[in-house]
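The values are calculated or read from the model by the stated rules, or taken from the named source; none is laboratory data. Bear in mind that the values here come from a model prediction, so they are computed numbers and not experimental data. When we count neighbours, we look across all protein chains shown, and the Cβ atoms used for this are built from the backbone with ideal geometry, even at glycine.
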Amino acid sequence: MTEPIIKIRDLHTSYGKRHILKGINLDIYPYETLVILGRSGCGKSTLLRHIIGLNSPDKGEIFIKGVDITKASERQRDVILRRMGMLFQSGALFNSMTVGENVALPLMEHTPQNKSIIKIMMRMKLNLVGLSGFEDFMPSQLSGGMKKRAALARALSMDPDILFCDEPSAGLDPIVAVGIDHLILKLKTALRMTIVVVTHEMASVFTIADRICLLHDGEIKFLGTQDNIKESTDPFVVQFLERRPDEEKLDAQNYLDELVAD
Amino acid sequence: MSNLKTTFGRSGRNLAFFFVHVARIAHLTGQSLVWTFIAPFRGKKLRWGSTFVQMVRIGVESVPIVSVISFCVGLIIAMQAAYQLEQFGATIYVADLVSVTLCRELGPLITAIIVTGRSGSAIAAEIGTMKVSEEIDALETMALNPIGFLVVPRLLAMMVVVPCLTVLSDFVGIAGGFVLAITNLKLAFVAYFNQTADALAAKDFITGLIKSFFFAIIIAQVGAYQGFNVRGGAEGVGKSTTTSVVVSIFLVIFADLLFTMLFFSTL
Ligand SMILES: Nc1ncnc2c1ncn2[C@@H]1O[C@H](COP(=O)(O)OP(=O)(O)OP(=O)(O)O)[C@@H](O)[C@H]1O
Ligand SMILES: [Mg+2]
């Protein structure tokens, strides 16, 4: 088996007193698409923020191409970061720049290319996400889904080795959402990218995922292929796949106590 | 007793927090200066484009307000001075008072306070908004250092523009004194002009400019620090913006005191 491109070892993190990630161990291999699932608020975005080095963990190590990003020097981090793309859950477009400038920014800063070539590359990326012709728009003039796609174009602008997408298809209509799934497949096969996707769209999961990782209570509840997850008998995995709600709390007294507690 | 304790406890804690903040601002300033003056020699680009944009925003756009306020202050000092000097029939010395106070003290101070209100707060608000909308995080994941990218252009622009505005403020303020002298005090133009020229020494002017250069650094860094420290959403941005103005004016005045003590005892 090939060496993993990302190795996470015993990752713990907390916000204040709330322990969010409780010992994550995860290997991500080159050229695979890993989908991270989990309930809202379980720490998926937090996990991605740790992998790209934005947050530092309470404990644990994260190796990217062999370098521990939690302890890397600024220069080492820069080298790693230039080969990664991140689509934030909120998009995080620069609101003071046009869509085109947003996508062109990493190229302008990190490549010696001249402006006309960068412009062509920028238009190619926008075309890829179906936003050709919007380069002179400001982010505030775009719809939520368009912002997401513009942000995806920006994440792709440096042709990264590893792409992180935090809910790429949330807020998109089904046709565009399928388009994004196909784009991800294309990036994987044509450009041989390693892709980590956080999503809640089960249809999308079964289109793009090589492996699926299910987070629950700060731990990895399930890790395996699509076939594995369909065969799984773990109650939480089954509940998640069958989209069953939590059991109703039947104890009225407990419920009352909870409401009046201070 | 316990009241007393909590009161002193609280103010002690606030004072301690204040020094922690000042230390952190100093740290950020150190980093920003490295990014401004040393990093360019290590192959990092200085962003002249956005520096120029900031110069226009901080400098050119505050020319009208700095002029109007300085003119008024010049008039005010001239009137107050004349009120005292008339008793001795020495109204010609209004020229000395107006020009020296403006160049040494009020020109740099007025400019710094106007720029704090207009641009220091804007720096805090801009960077703070970028912080809450994850734009700062996005910059970092693109391997772009937020200090090099956001703070340096603003700091450079401030360091150039604030001394320029101070010169403007000095001259317009003196012109204010002129107007009062000629119209109300019936002094001769040439006499007043000569008196002003005699009164002013180069050091009056230069100490003022040295001060204003440091005020520029304080305003830019306090704004940036408050911006990076925004917590929460829009409310946090508002809070940080207000704090940036208060802290910045306080530090400017405190620095002014230190410089004046230094210049007073040595020059
Ligand atoms: N900056 C923060 N400060 C304090 N708590 C935070 C912060 N960011 C996230 N959290 C908490 O950490 C937990 C995990 O948040 P995270 O954003 O990683 O969830 P998520 O799995 O991405 O959820 P979603 O699917 O809704 O995006 C949440 O319970 C949240 O309350
Ligand atoms: Mg999330």
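Just to be sure before I move on: is A:T2 modelled with pLDDT of 95 or more, more than 14 Å from every other protein chain (Cβ to nearest Cβ) and over 16 Å from A:F164 (Cα atoms) in the structure I sent? No.
Going by the structure shown, is A:L126 within 13 Å of another protein chain (Cβ to nearest Cβ) and at pLDDT 90 or above? No, not satisfied. Per this entry, B:N194 is not counted among residues that are of a type outside the set (V, I, T) and over 18 Å from B:L102 (Cβ atoms). Of the residues making up segment A:175-199, those that are within 16 Å of ligand 2 (Cβ to nearest atom) and in contact with a Gly (Cβ under 9 Å, 6 or more places away or on another chain) number 1. Filtering segment A:14-47 to residues that are within 9 Å of ligand 1 (Cβ to nearest atom) and either under 20 Å from A:F206 (Cβ atoms) or not in a strand (DSSP E or B) (or both) leaves A:G16, A:I36, A:G38, A:R39, A:S40, A:G41, A:C42, A:G43, A:K44, A:S45, A:T46, A:L47. One residue is enough: does segment A:232-244 have a residue meeting the conditions hydrophobic (A, V, I, L, M, F, W, C) and within 16 Å of ligand 1 (Cβ to nearest atom)? Checked segment A:232-244: at least one residue is hydrophobic (A, V, I, L, M, F, W, C) and within 16 Å of ligand 1 (Cβ to nearest atom).
Restricting segment A:38-47 to residues that are of a type outside the set (S, T, Y) and either in contact with a His (Cβ under 8 Å, 6 or more places away or on another chain) or surrounded by 14 or more Cβ atoms within 10 Å (Cβ to Cβ) (or both) leaves a set whose member that is farthest from the other protein chains (Cβ to nearest Cβ) is A:R39. The lone criterion from (1) under 21 Å from A:L163 (Cβ atoms); (2) more than 14 Å from chain B (Cβ to nearest Cβ); (3) surrounded by 15 or more Cβ atoms within 10 Å (Cβ to Cβ); (4) more than 16 Å from ligand 1 (Cβ to nearest atom) left unmet by A:T98 is number (1).
Regarding A:R149, is this residue out of contact with any Lys or Arg (no Cβ under 7 Å at 6 or more places or on another chain), surrounded by 14 or more Cβ atoms within 10 Å (Cβ to Cβ) and not hydroxyl-bearing (S, T, Y)?
Criteria met by A:R149.
Taking segment A:61-164 and the helices (runs of 4 or more DSSP H) fully enclosed by it, the elements with 2 or more residues that are over 26 Å from A:L34 (Cβ atoms) are at A:74-82, A:99-110, A:115-128. Counting the residues of segment A:48-58 that are near ligand 1 (Cβ under 9 Å from one of its atoms) and within 11 Å of the chain's Cα centre (by Cα) gives 2.
Here segment A:85-95 is the region considered, the condition is being away from ligand 1 (no atom under 16 Å from the Cβ) and either at the interface with chain B (Cβ under 7 Å from one of its Cβ atoms) or of a type in the set (S, T, N, Q) (or both), and the residue that is surrounded by the fewest Cβ atoms within 10 Å (Cβ to Cβ) is A:N95.
When we screen B:A125, B:A143 for residues that are farther than 16 Å from A:N95 by Cβ, within 14 Å of chain A (Cβ to nearest Cβ), of a type in the set (G, A, S) and surrounded by fewer than 22 Cβ atoms within 10 Å (Cβ to Cβ), the only hit is B:A143. Checking the structure you have, find out if any residue of segment B:98-113 is basic (K, R) and surrounded by fewer than 20 Cβ atoms within 10 Å (Cβ to Cβ). There is no residue in segment B:98-113 that is basic (K, R) and surrounded by fewer than 20 Cβ atoms within 10 Å (Cβ to Cβ). When A:S45, A:S56 are checked against the criterion of being in contact (Cβ under 8 Å) with a residue 40 or more places away in the chain and over 20 Å from A:S157 (Cα atoms), a single residue qualifies: A:S45. Taken over segment A:48-60, residues that are within 14 Å of another protein chain (Cβ to nearest Cβ) and either exposed (fewer than 15 other Cβ atoms within 10 Å of the Cβ) or part of a strand (DSSP E or B) (or both) amount to 1. Taking (1) surrounded by 18 or more Cβ atoms within 10 Å (Cβ to Cβ); (2) more than 8 Å from chain B (Cβ to nearest Cβ); (3) under 16 Å from B:T141 (Cα atoms) in turn, A:S73 satisfies each apart from (1). Evaluating A:M124 against the criteria (1) within 16 Å of ligand 2 (Cβ to nearest atom); (2) surrounded by fewer than 19 Cβ atoms within 10 Å (Cβ to Cβ); (3) closer than 14 Å to A:S157 by Cα leaves one unmet condition, (1).
Do the conditions hold for B:L150, that is, is it closer than 28 Å to B:V73 by Cα and within 23 Å of the chain's Cα centre (by Cα)? So B:L150 does not fit the description; no. Does B:V132 meet the test of being over 12 Å from the mean Cα position of the chain (by Cα) and more than 25 Å from B:T243 (Cβ to Cβ)? For B:V132, the condition - over 12 Å from the mean Cα position of the chain (by Cα) and more than 25 Å from B:T243 (Cβ to Cβ) - is not met.
Restricting A:L21, A:L34, A:L47 to residues that are within 16 Å of ligand 2 (Cβ to nearest atom), of a type in the set (A, V, I, L, M), closer than 25 Å to B:N145 by Cβ and touching a strand residue (DSSP E or B) at 6+ places or on another chain (Cβ under 9 Å) narrows the list to A:L47.
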